[in-house]
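Just so you know, all these numbers are worked out from the coordinates, no wet-lab data involved. Everything numeric here is computed off the predicted structure, so don't read it as measured data. Backbone-built Cβ (ideal geometry, glycine too); neighbour counts: all protein chains shown.
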Amino acid sequence: MWSEYNNFDVVGMNNLDNVNSWNFHHQEQLRYRTTGSPILRIKFFHYPPYRQKVTLLQGPKDCKLQHKKLNSFFIFNKKVHQRGSISFNRTVQIEPIVQQISMSDNWGEISDISAEERQRYTESSQYWPIQSSLMDEIVNEEWFNKEHMNTWVNNASLHVLDKIKVRENQEKRLGAQKVLLYGIGDCDEFTDLFITLARLRGIPSRRLTGYYISENGNSVEGHAWAEIFSPKVFWVPVDLAMNNIGFYKKNYVILKVEEFNPALADYQVTVKHTSSVAHEWFRSPPKVTPLD
């Protein structure tokens, strides 16, 4: 499961019927130790205005909010003492934008995707090993070379669901190759295997991470899912762990979009005017409150 958090509670929530948005309240702290007269630079992700309306009610002190493509993040860049702690508290209101793309719609043909767009999504990685010999076997299966996007996505989804025999939380993300070898996984593995197959077929795809609020509205968990690019309906969510293709519901809150880097770190700490810094980031699960 993406995230260091297991399931955590939604405050004052019994169902999703009357919910339009969520308040996420984060309390985080960095403890550090270094030498010299250091300038500490910290980068950590913030909820992007992609498929959701984001209102920052209380921002973390001494931080600047920046945006780069689809992602948003805070930057702390300040001279500090040689050791100490810095708190980063924030409250954010998030209104997911509900959208449904039906499997009965025309998603177009895979060959309609431009060669330039295909080329941008061909790099092989630890989690998306499109050059693996195990993937070569899949390429030769009859379903894999279907041209119609709807048909291909349906067949690829069935293939992923067939390969992951056992659904269980993993302490570490396995990547698509180990999924095929072991047949186990959680949302990370469903997502990574599907993305790998899509990229292998020449379909632009990417990974989103964030939070999923349960259907009964009483718990939240860190979650990962995929998006693929259709030449007709553009970016389509594919969440095989939740048996969801094409539907962005109010359950989904996005924190990061991993498009060309398959594993963006939640935070980064660097320092100037010294050679090293020892640090530890303390993160409690966010307090989530539903709003009418």
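Observations on the structure shown:
- Length-normalised contact order for the chain - Cα pairs under 8 Å, 6+ apart - percent: 33
- Between 0 and 90 degrees, the angle of helix 149-163 with respect to the longest Cα principal axis of the chain falls at about 70 degrees.
- Within the stretch 99-258, percent of DSSP bridges classed antiparallel, to nearest 5: 95
- With only Cα atoms counted, the stretch 99-258 has Rg and Dmax values of 14.9, 45 Å.
- Among M103, S230, N251 the positive-end extreme of the charge dipole of the stretch 99-258 (Cβ point charges): N251
- Principal-axis tilt of helix 187-200 within the chain, Cα atoms, nearest 10 degrees: 50
- Counting only residues at least eight positions apart within a chain, or on another chain, the lysines with an alpha carbon under 16 Å from that of K68 are K43, K256.
- Of K146/K178; K79/K172; K53/K178; K53/K79; K69/K250, pairs whose Cα-Cα distance is over 28 Å: K79/K172; K53/K178; K53/K79
- The stretch 226-280 versus the stretch 152-214: alpha-carbon centroid distance in Å: 14
- Mean residue ellipticity, 222 nm, helices only, the chain: the sum of -39500 (n - 2.57) across DSSP H runs of n ≥ 4, divided by residue count and rounded to 500, is -5000 deg cm²/dmol.
- Ordering 48-56, 104-112 by mean Cβ neighbour count within 10 Å, with the highest value first, yields 48-56, 104-112.
- Bins of 10 Å from zero: percent of alpha-carbon pairs in the stretch 1-114: 10, 29, 29, 18, 10, 4, 0
- Length-normalised contact order for the stretch 1-115 - Cα pairs under 8 Å, 6+ apart - percent: 35
- Cα centre as origin, Lys/Arg/Asp/Glu Cβ charges: the stretch 95-168 dipole, Debye: 260
- Only Cα pairs under 8 Å and 6+ residues apart enter the sum, and on that basis the relative contact order of the stretch 99-258 stands at 26 percent.
- Least to most buried among M103, M242 (fewest other Cβ within 10 Å first): M103, M242
- Hydrodynamic radius of the chain per Kirkwood, over alpha carbon pairs, in Å: 20.5
- Dipole moment magnitude, nearest 20 debye, the chain about Cα centre, only Lys, Arg, Asp, Glu C-beta charged: 1720
- Only one residue of S72, N89, L57 has its Cα farthest out toward the positive end of the dipole of the stretch 47-89, where Lys and Arg carry +1 and Asp and Glu -1 on Cβ, and that residue is S72.
- Relative to the Cα centre, the charge distribution of the stretch 99-258, modelled as +1 at Lys and Arg Cβ and -1 at Asp and Glu Cβ, gives a dipole magnitude of about 300 debye.
- The protection proxy used here, the mean number of other Cβ atoms lying within 10 Å of each residue, ranks peptides 15-24, 88-97 as follows, highest first: 88-97, 15-24.
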